[in-house]
Amino acid sequence: MPNRIASTSPQAPTGQPEDGLGAWRGGDGHLRRVSVLLPVPFGALYSYAVPEGLELEIGDVVSVPLGNRQSLGVVWDPEPEDPELPDARLKPVTSRYSVPPFTAEARAFVEWVANYTMAPLGGVLRMALSIPSALEPPKPRLLLRLAGAPPGDLRLTPGRRRVLELAAEGFARPASQLAQEAGVGVGVVKSLLKTGALEAVEAAPSAAFAPPDWERTGLVLSPSQESAAMQLRQRVAEDAFSVTLLDGVTGSGKTEVYFEAVAAALAQGRQVLVMLPEIALSAQWLARFEMRFGTRPAEWHSDLGPPRRRAAWRAVADGGARVVVGARSALFLPYENLGLIVVDEEHEAAFKQEDGVIYHARDMAVVRARIGGFPIVLASATPSLESVLNAQAGKYAALHLPDRHGGAALPRIELVDLRLEKPPRLIETGQGWLSPPLRTAIAEALEREEQALLFLNRRGFAPLTLCRACGHRLECPRCTAWLVEHRLVRRLACHHCGHGQRLPRECPACGAEDSLVACGPGVERVSEEVAALFPAARMTVLSSDTLHGPQAAAEAVEAIQRREVDIIVGTQIVAKGHHFPLLTLVGVVDADLGLSGGDLRATERTYHLLHQVAGRAGRAERPGRVLLQTHAPEHPVMQALARGDRARFLEQEAASRRRGGLPPFFRLAALILSAPDAERADTAAQALARAAPRVEGLEILGPAPAPLAVLRGRHRRRFLVKARRDVALQAELRDWLGRVRLAGGVRLAVDIDPYSFL
Ligand code: ADP
Ligand code: ZN
């Protein structure tokens, strides 16, 4: 067998790529055996033979036999020891799909992510091939036109006549369009096809995505916007890896500014990916994109139906889609020619994927840009501490937009001390949640015919139901969690596993009748109070329970813009991105809500969320006012918000993270064991603990029962691993986990850079 060195020597036959694959190539220079990566959760590399007549290159998408079925796969860079396998033992590749091959960049990215997150390669590849039907060639469209000679015995109804007259104009159209233009049912058109009066011709599938027109002029930028835009255009022109933090207050026009970078990348013929944390809520963003570029971008998120996903996947792969706007999974699409990524709201925790392959899409996007050698822009009004520190260290360039566009003032943020300003009870609804100052402010906004948003990040009616007689709390049978009452649908629901049940009339523990009481507010409960206080106001409740899908969200947003709503009661679903010119009052019902729980980012997250919500107020000419109801007005978060002193807040936060040995100064990884029963979970945890590495700079905390000790019926134990930044964390973990065999039914999830500690 020839060795690798020989194949790359100057004597290698001309025309044969010098890629070190000599051993894998036949005499004609074609690959005769390949490594194929299967996109399945535990997929690894397998060797296959390439049958006579099939020409394959690395990156090709293929169909291969796997057991007694066919599997998808991607021809991958070979494992070094593979050539020693005897050819006779290899099964042949079945066929190659006619889609563009995975580029070296795309493959390097899959490998990098798998390596970093410690997920199997195949699990990562699966995210890039999430819609296998996209690999089949799209069906040709059938267009109808007038047949040569119409049959003599054709019975002509008025409808048929209109269709034939239209068809006689000459150009072929789809049946549905012909029917619609002629004002007849599709049946009439089809009957004409059957009689032979019309004939069908195949047309190439329609181009799914019109190219964005980057030459259109955008809005006239303000001087500070223009200078930021110029810097971004410059980054794009450099065509090299760089990270730019676009740090601008809410309403400063960050979107308009990064649109200039998008235009510049399009002008260079590159593809662009814009990642939004909550793509389902992006109707306004899409409309603005269309205004700027004259067409819609390709969308990529889980709410899309299979036909649109198929079309988007293919268009991304063959370069037909120039701009993709998507949720985190859009990062793994096989771009033909990606040249710019924008991550909007880069601080959002929603970019962290918490199941399957556990990864942070913002961090991986930076990696994708580095591998591709192109710029990435991270935009936010409240950048994450990580990004701010990277900017301070000079690793990221920072651009600042200090003012709201059009001179709108930032809203005034006032703290309402709930210990002094107790919400009065109401006859209609009992306990109240809105303090006297907030009630007054709402009344004043209504008086001025402006809109108010009452924000409470809690779905449903009440987060806890307990028995007045015995104190029993209604808990999920499968999770360590309270059941949340949803009064509108008269049910109790677990927000962790989706378990649902009717609200019982008697206490399941003591049997007392009518003894169950709701504790604490959710948005439904606040809406009852609003209805009782302001019966004439038009109110809408916006949460993931009331908004099903992007369509519903878009309609709700439009209704608010059309001024059909006076008071919005909503969860974080309304906190971001939206621009409502008449919204001048934001009331935060429970500003302390996110602070409990001991999560290392609880403070930062609360700051981000409240700052975002506050940013909804007064975005146009009319000034905004924000009232934060809190039991802890002296808390640094509340103080920072009220004073508008972000710098000081970030300093305090950085200092406390440094002291605590927390990210980004140290690195964290979480190991989560789960088992069908507590005993097996504990046994596995002890085995893992015994094998734990003793390494300088590595500290292992746990095992401990997870705060969500039982989830979906599985018992959970956690380890938290803290590592100094110079420790090879993944290598140590790999070593550790490689020494332990887990019993049947026990699962282990590795979460590098954890954001959730439940
Ligand atoms: P951000 O993303 O920073 O919160 P946006 O990009 O959403 O800000 O801009 C806020 C509002 O101001 C939007 O309605 C936007 O269309 C408008 N706007 C921003 N810049 C300009 C400009 N240069 N000319 C006109 N309108 C602008
Ligand atoms: Zn549950």
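Could you list, in sequence order, all residues of segment 464-477 that are in a loop (DSSP other than H, G, I, E, B) and under 29 Å from E354 (Cα atoms)? The answer is L474, C476, P477. Selection over segment 517-572 of residues that are in contact with a Ser or Thr (Cβ under 6 Å, 6 or more places away or on another chain) and part of a helix (DSSP H, G or I) gives a count of 4. Scanning segment 710-742 for residues that are within 26 Å of P676 (Cβ to Cβ) and in contact with a Lys or Arg (Cβ under 6 Å, 6 or more places away or on another chain), we see that the one that is nearest to ligand 1 (Cβ to nearest atom) is R712.
Condition check ((1) modelled with pLDDT under 95; (2) away from ligand 2 (no atom under 16 Å from the Cβ); (3) within 19 Å of N115 (Cα to Cα)) across all residues:
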{"residue": "L698", "(1), (2), (3)": "no, yes, no"}
{"residue": "R714", "(1), (2), (3)": "no, no, no"}
{"residue": "A723", "(1), (2), (3)": "no, yes, yes"}
{"residue": "L729", "(1), (2), (3)": "no, yes, yes"}
{"residue": "L733", "(1), (2), (3)": "no, yes, yes"}
{"residue": "G744", "(1), (2), (3)": "yes, yes, no"}
{"residue": "V750", "(1), (2), (3)": "no, yes, yes"}
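Would it be correct to say that R419 is touching a residue at least 40 places away in the same chain (Cβ under 8 Å), assigned to a loop (DSSP other than H, G, I, E, B) and exposed (fewer than 15 other Cβ atoms within 10 Å of the Cβ)?
Yes: the conditions hold for R419.
If you go through segment 316-374 and pick out every residue that is closer than 20 Å to A283 by Cα and assigned to a helix (DSSP H, G or I), you end up with 5. For segment 174-226, filtering for residues that are free of Cβ contacts under 8 Å to residues at least 24 places away in the same chain, among the polar types (S, T, N, Q) and within 16 Å of ligand 1 (Cβ to nearest atom) leaves 1.
Among the candidates V750, V637, V710, single out the residue that is free of Cβ contacts under 8 Å to residues at least 60 places away in the same chain and of a type in the set (V, I, T).
Step by step, each of V750, V637, V710 is checked, and only V637 is free of Cβ contacts under 8 Å to residues at least 60 places away in the same chain and of a type in the set (V, I, T).
Residues that are farther than 15 Å from A642 by Cα and at pLDDT below 95 within segment 586-602 comprise L593, G594, L595, S596, G597, G598, D599, L600, R601, A602, listed in sequence order. Against the conditions (1) part of a loop (DSSP other than H, G, I, E, B); (2) surrounded by 14 or more Cβ atoms within 10 Å (Cβ to Cβ); (3) without any contact (Cβ under 8 Å) to a residue 24 or more places away in the chain, V727 satisfies every one except (3).
Is it the case that T382 is among the polar types (S, T, N, Q) and not in a loop (DSSP other than H, G, I, E, B)? The answer is no for T382. What do you reckon, is V343 away from ligand 1 (no atom under 16 Å from the Cβ) and of a type in the set (A, V, I, L, M, F, W, C)? Against the criterion (away from ligand 1 (no atom under 16 Å from the Cβ) and of a type in the set (A, V, I, L, M, F, W, C)), V343 does not qualify.
A575 falls short of the stated requirement of being of a type outside the set (K, R), under 25 Å from E444 (Cβ atoms), over 24 Å from the mean Cα position of the chain (by Cα) and crowded, with 21+ Cβ neighbours inside 10 Å. Name every residue in segment 443-470 that is in contact with a Phe, Trp or Tyr (Cβ under 7 Å, 6 or more places away or on another chain) and surrounded by fewer than 22 Cβ atoms within 10 Å (Cβ to Cβ), in order of residue number. L446, P463, L464 - these are the residues of segment 443-470 that are in contact with a Phe, Trp or Tyr (Cβ under 7 Å, 6 or more places away or on another chain) and surrounded by fewer than 22 Cβ atoms within 10 Å (Cβ to Cβ). Among the residues of segment 692-703, at least one is touching an Asp or Glu at 6+ places or on another chain (Cβ under 9 Å) and in a strand (DSSP E or B). With respect to (1) loosely packed, with under 12 Cβ neighbours inside 10 Å; (2) closer than 30 Å to Q612 by Cβ; (3) in contact with a strand residue (DSSP E or B) (Cβ under 6 Å, 6 or more places away or on another chain), the lone exception for D247 is condition (1).
Can you go through P383, P402, P437 and tell me which one is in contact with a strand residue (DSSP E or B) (Cβ under 9 Å, 6 or more places away or on another chain) and either crowded, with 18+ Cβ neighbours inside 10 Å or under 30 Å from F666 (Cα atoms) (or both)?
Exactly one residue qualifies, and that residue is P383.
If R680 satisfies all but one of (1) in a helix (DSSP H, G or I); (2) at pLDDT below 95, what's the number of the condition it fails? So the condition that R680 fails would be (2).
Taken over segment 478-504, residues that are without any contact (Cβ under 8 Å) to a residue 24 or more places away in the chain, within 14 Å of ligand 2 (Cβ to nearest atom), over 12 Å from L516 (Cβ atoms) and assigned to a loop (DSSP other than H, G, I, E, B) amount to 3.
May I ask you to list the residues in segment 267-303 that are touching a residue at least 60 places away in the same chain (Cβ under 8 Å), under 17 Å from L547 (Cβ atoms) and among the aliphatic types (A, V, I, L, M)? If the condition is that a residue be touching a residue at least 60 places away in the same chain (Cβ under 8 Å), under 17 Å from L547 (Cβ atoms) and among the aliphatic types (A, V, I, L, M), then L276, I279, A280, L281, A283 are the ones that fit. Contact annotation: residue pairs with Cβ atoms under 6 Å, 6 or more positions apart or on different chains, pairing a residue in segment 366-388 that is closer than 22 Å to G248 by Cβ and more than 16 Å from ligand 2 (Cβ to nearest atom) with a partner that is in a loop (DSSP other than H, G, I, E, B) and among the β-branched types (V, I, T), are A381/V249; A381/T250.
The values are calculated or read from the model by the stated rules, or taken from the named source; none is laboratory data. What you see is a predicted model; the values in this text were computed from it and never measured. Glycine gets a Cβ as well: all are built from the backbone with ideal geometry, and neighbour counts include every protein chain shown.
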